[in-house]
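Inspection log for the structure reproduced underneath, given as structure tokens.
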Amino acid sequence: MDHHDVTLPGGLRLHAASIGAAGKPLLLFVHGFPECWAEWHALLRAFGGDYFAVAPDLRGYNLSGKPQGVAAYRVQPLMDDLRGLLAHFGYRQCILVAHDWGGAVAWSLAVHHPQLVSRLVIINSPHPVAFARALSHDRAQQSASQYMLRLREPDAAALLLRDDCARLLALFRHPVSGLSALSQAQIDLYKQAWQIPGAMDAMLNYYRASPLMPPTAQRPGAAGLQLEAGAFIVRMPTLVIWGEQDQALLPVLLDGLETVVPDLRIQRVPEASHWVVHERPEVVETAIRAFLTEA
């Protein structure tokens, strides 16, 4: 495995890990909260023989730079980071695989810069139109998303780091079995990444910057947005993998997805949670490989 320190045109430094030879098709893996490049360790090894498999730390996370201010974590600079990574490695297009917050960036890149994405794989991350609709009208999803409001608070970083990161580690427990999705080695790596000075507050800026929030007594949240579905069509072949035991992002977010993603396949994993990448890696790998080898 190779590690890269990439300096983007604006000066931001991103860390990335890779397996495979540059020149092969670029398979770009983008992690979610509160993970880092290591979410994809097994899949980098699985696909590094046939692809140039790359997994960055998103800005604010782990070994990547941590710009100051909430505005630095809005979707435009996040998309620019992925565009910069492609350019750095000499690619005009990639196959994009993304989970959770990485998926939010990937959906946006696929909509606004479709020439950069040949195929899209999304894992437990809602399309923005579907998420806005559910946050506006679905009471179960509104309730499941209340944590997003708490993560916007000024003291959220200190709370999550308290007691040796106990609250963060609890996120990875399966809602039925209670077992952690992480090995001890992964726990140790993640705790080290979370405790880097400034990292946790930067990671939480993704939530603070997002307009997609459940309503409160003071603010309409996503209901105050005017998202025209026709402006968010994803036209490249797309695979969505969804662990149906996800307690934060409910399966209702898949309803009607084909109206904005016409070339769509959905792989539901009934027994898996939000952490399906860790819980059922063989299912995720098999689904991605089959999708990539479609005629």
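Table for the structure above
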read-out	value
Estimated inter-spin distance, S118 and R289, nm [label 7 Å along Cα→Cβ]	1.9 nm
Where trypsin sites (Lys or Arg not before Pro) fall in DSSP loop in the stretch 60-124, at most 16 other Cβ within 10 Å	R74, R92
Dipole-positive endmost among G65, H15, A55 within the chain (Cβ charges, Cα centre)	G65
Prolate/oblate/rounded label for the stretch 221-295 (Cα gyration tensor, a/c 1.5)	oblate
Residue exposure sequence - C94, C165 - by fewest surrounding Cβ within 10 Å	C165, C94
Relative contact order computed over the chain (Cα-Cα under 8 Å; 6+ residues apart), in percent	19 percent
Most mobile of L109, L249, L264 in a GNM of the chain (Cα contacts under 10 Å)	L264
D50/A158 FRET efficiency (R0 30 Å; Cβ-Cβ; nearest 0.05)	0.10
Percent antiparallel among DSSP beta bridges (both partners in the chain, rounded to 5)	30 percent
Dipole axis of the stretch 2-292 (+1 Lys, Arg; -1 Asp, Glu on Cβ), positive-most option in F29, P175, A42	F29
Residues of the stretch 39-70 with amide N under 18 Å of the 7 Å Cα→Cβ point at A22	48-57
Loop-resident sites, the stretch 178-255, for chymotrypsin sites (Phe, Trp or Tyr not before Pro), counting at most 13 other Cβ within 10 Å (DSSP)	none
Prolate/oblate/rounded label for the stretch 253-294 (Cα gyration tensor, a/c 1.5)	oblate
Q146 versus R235: modelled label distance in nm, points set 7 Å from Cα along the beta carbon direction	4.3 nm
Dipole in debye (nearest 20) - the chain, about Cα centre, beta carbon charges: Lys, Arg +1; Asp, Glu -1	500 debye
Whether the chain is rounded, prolate or oblate, judged on the alpha carbon gyration tensor where a/c under 1.5 counts as rounded	rounded
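Every read-out reported here was derived from the displayed coordinates using simple, explicitly stated rules and does not represent laboratory data. As the structure is a computational prediction, the values presented were derived from the model and not from experiment. Please note: Cβ atoms are built from the backbone with ideal geometry, for glycine as well, and neighbour counts cover all protein chains shown.
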